Amino acid sequence: MGNVVPLSNILGVGELMVPAVDPTGCASSACGSSDGPDGMPDAVWNKVKDHPCYSEEAHHYYARMHVAVAPACNIQCNYCNRKYDCANESRPGVVSERLSPDQAALKVAAVAAEMPQLAVVGIAGAGDALANPERTFRTFELIRKQTPDIKLCLSTNGLALPDHVDRLKELDIDHLTITINMVDPEIGVQIYPWIFYNHRRWHGLEASTLLHQRQMEGLEKAVAAGILVKVNSVMIPGINDHHLAEVNRRVREAGAFLHNIMPLISDPAHGTHFGLTGQRGPSPAELKALQDHCEGEIKVMRHCRQCRADAIGMLGDDQGAKFGNDAVAAMAPPDAAAAEAARQAYRQHIEAERLERRRNRAQVRARIVGAAPRTRPAEPPVLVAVATSGGERINVHFGHAKEFQVFEVGAKGARFVGHRRVETYCEGGSGDGGVLDGIVTAIGDCAAVMVAKIGDCPSQTLRDKGIEPIDRFAFGYIEESLLTFFAERRAATLTPVRVA
Ligand code: CLF
Ligand code: SF4
């Protein structure tokens, strides 16, 4: 598999593959992410650098798992149906199993023993983590004790947050997500039919006003306590899409670290109010336009996968089905010390890889972007879809891709702008035509798709639709491949301007 070293050879664990440090020192990149220690205090960088949600770069290397210990919720969102995962942090889909705190701790130990990439354990439902505080905090206590090197993370709608910030701090929880969809209660009325607070149910504007006040109070308190707060917002066209820039401004002023603007997922089959009333979600272009508009002093997260409340693994590659309660019970008791040693070895390996690549990033960009001839007129950036399973490399066959990462590449460089989920095209050697149509639709706005390998038949269909299939960069680093592609494309289509 090209320039890839099986970490299992070093550690004797799993099937994990990680990219090797390039001994020649060339071809390093960061996938267009602006993530990095630059301009960030060391203390903050150390908190975010291995968190797959807080650092776009880290999501290529590190995994998270959710433990679904919090079934109840204290509010009703119009995009949620109680029998589905919390839409704050998950895609609709039933939580397979609810866990007690003891079961959750057992599951974390089992996953940690199998998956040295595991960096974070989060509680994100299936209801609201802080509507179930005893179960949530007991779970965190158990996990903190058994795997102290794994970060803890919590997601909440914010209603109960002001009452629990001190407890979060005591448990050394550095990462907190609050879903804030509005800062104007009149807009909130269209999203929240009721909340349950102070032993009674509140409706309408009263409910929405209370929720807004508690969310902002909780945000400010958490920031004051030194917790890195990520704000999630669900983009709901016609309801809060034009309002989210104001939300962005207000949460930034209140000290939020990161703003994650996610698309509404709405389907009548989910039985939600919005699904049943035909409320649509935004198109990828609408989502990107809003994210671009909000990007500025606060970083906008674009790599969210709207995970299940029981998701396990790298973002975009859920391994949760392998770790059901029965499977965990049948596993041999994990060797905690060996598992921790494996995690430490993995982190050191990745740290060296990232350091090396950061050193070379400027050289790579200068070589490919800086050396390009000046052209007239400036060629606009294009979108390119990439099949990757991590390591910042193009390392998935077209037919095996469950999603494509989308990058915008232009004269100034390449940057990650989102992902498109697809059904897997290849089914035991024969491609599925209907699925191919779906993939073409999903990446229809892309000029090219970069994969590790692709067959003639799908290649022709893609070409017919104006999408260039490219497998000549197989297993190469994504950013360098994108920049090379753009430079070649520019050289082929534009006349260089002589510079005096
Ligand atoms: Fe989980 Fe959320 Fe923590 Fe990440 S998810 S509790 S911050 S560890 Fe991440 Fe999943 Fe998006 Fe959430 S990709 S839904 S942002
Ligand atoms: Fe559903 Fe989460 Fe909203 Fe509660 S906060 S109603 S679980 S989406």
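Remarks
- Local charge for residue 396 was computed over the other residues whose Cβ lies under 12 Å away, with Lys and Arg +1 and Asp and Glu -1, and equals 0.
- Dipole-positive endmost among 271, 284, 245 within the range 244-318 (Cβ charges, Cα centre): 245
- Take the range 7-338 with all the other protein chains still there, run a 1.4 Å probe, and you get 38 Å² of accessible area per residue.
- Amide H contacts of residue 418: 406, each under 5 Å away and 5 or more positions distant or on a separate chain (H built 1.01 Å from N in the peptide plane; Pro and chain starts excluded).
- Net charge in the neighbourhood of residue 323 (other residues with Cβ under 11 Å of its Cβ; Lys, Arg +1, Asp, Glu -1) is -3.
- Rg to Rh quotient for the range 284-423, alpha carbon positions, Kirkwood Rh: 1.04
- Neighbourhood net charge (12 Å Cβ-Cβ; Lys/Arg +1, Asp/Glu -1) for residue 450: -1
- Straight-distance crosslink candidates among aspartates and glutamates, where the alpha carbon sits under 18 Å from residue 169 and sequence neighbours closer than 8 are dropped: 134, 141, 149, 217, 220
- Percentage, to the nearest whole number, of Cα pairs in the range 115-268 over 22 Å apart: 42
- Where a label projected 7 Å from the Cα of residue 327 along Cα→Cβ would reach, residues of the range 46-69 with amide N under 17 Å: 63-68
- Derived scalar couplings ³J(HN,Hα) [the range 142-154; Karplus, 6.51 cos²θ - 1.76 cosθ + 1.60; whole Hz; x for Gly, Pro]: 4, 5, 4, 5, 7, 9, x, 7, 8, 6, 10, 9, 9
- Backbone amide hydrogens, once placed in the peptide plane, bring residue 262 within less than 5 Å of 233, 234, 235, excluding anything fewer than 5 places away on its chain.
- The range 7-338 - percent of accessible surface contributed by carbon and sulfur, probe 1.4 Å: 52
- Distance between modelled label sites at residue 246 and residue 198, nm, 7 Å Cα→Cβ extension: 2.5
- The value obtained for the range 378-491, namely the Cα convex hull volume divided by the number of residues, is 93 Å³ per residue.
- Relative to the globular-protein estimate of 2.2 N^0.38 Å, the Cα radius of gyration of the range 267-352 stands at 1.67.
- With DNA, RNA and ligands ignored, accessible area of residue 170 (1.4 Å probe; Å², nearest 10): 140
- A DSSP coil position with no more than 10 other Cβ atoms inside 10 Å describes the following GluC sites (Glu not before Pro) in the range 219-309: 297.
- At 1.567 mPa s and 4 °C, Stokes diffusion of the range 7-338 via Kirkwood alpha-carbon radius, µm² per second: 64
- With both labels modelled 7 Å from their Cα along Cα-to-Cβ, the residue 336 to residue 209 distance reads 5.0 nm.
The values are calculated or read from the model by the stated rules, or taken from the named source; none is laboratory data. Everything numeric in this text was worked out from a predicted model, so none of it was measured. Cβ atoms come from the backbone with ideal geometry, glycine included; neighbour counts cover every protein chain shown. Protein only, heavy atoms only, side chains kept; ligands, DNA and RNA dropped before computing areas. Shrake-Rupley method; radii C 1.70, N 1.55, O 1.52, S 1.80 Å.
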